[in-house]
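For reference, the structure is listed below as structure tokens.
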Amino acid sequence: MTALFYDQDGHPIPIEEWKAMIEDNRIARTRVGHGPGKKLISTVWLGLNHNYMGGPPLIFETMMFWKGSKLLLARHSTKQQAVDAHDEFCGWYRYNRRQRRKGSLYAYWARKI
């Protein structure tokens, strides 16, 4: 059986330890853009495994918000993956802002390959 709660290093922990640690869960937070197009990109440690299909635990989350609504969401197994995804979200937004167009994350990542 897979554990439900994990520390930031990916080690299983009891719920009591998770409760004590969850208050300090911010990994990165970035505001990008100007005016009404401004977005918030947030990466946090959830500590709760969101991988219900098996495989490595998904315990980090990166989200992009605009006007209080969630635009993009990605979950990760390691802190490094979460930091990298945060940087990718910021890069995708800035790239599309410079190009003055809206593009998919897929198109942004394909351009980098």
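The values are calculated or read from the model by the stated rules, or taken from the named source; none is laboratory data. This is a predicted model, so every value here is computed, not measured. A quick note on method: Cβ atoms are made from the backbone with ideal geometry, for glycine too, and the neighbour counts reach across all protein chains shown.
Collect the residues in the range 66-83 that are farther than 17 Å from Leu46 by Cβ and either in contact with a Pro (Cβ under 8 Å, 6 or more places away or on another chain) or among the charged types (D, E, K, R) (or both), keeping them in residue-number order.
Lys67
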Exercise. Can you find a residue in the range 8-27 that is in contact with a strand residue (DSSP E or B) (Cβ under 9 Å, 6 or more places away or on another chain), of a type in the set (Gly, Ala, Ser) and either surrounded by 14 or more Cβ atoms within 10 Å (Cβ to Cβ) or touching a residue at least 12 places away in the same chain (Cβ under 8 Å) (or both)?
Worked result: no
Problem set entry | Residue list for the range 32-43, restricted to those being within 14 Å of the chain's Cα centre (by Cα) and surrounded by fewer than 17 Cβ atoms within 10 Å (Cβ to Cβ) | Leu40
Exercise. When the range 48-73 is examined, which residues are found to be surrounded by fewer than 16 Cβ atoms within 10 Å (Cβ to Cβ), of a type outside the set (A, V, I, L, M, F, W, C) and within 14 Å of the chain's Cα centre (by Cα)?
Worked result: His50, Lys70
Problem set entry | Single match in Phe60, Phe5 (criterion: at pLDDT 90 or above, farther than 19 Å from Phe89 by Cβ and among the hydrophobic types (A, V, I, L, M, F, W, C)) | Phe5
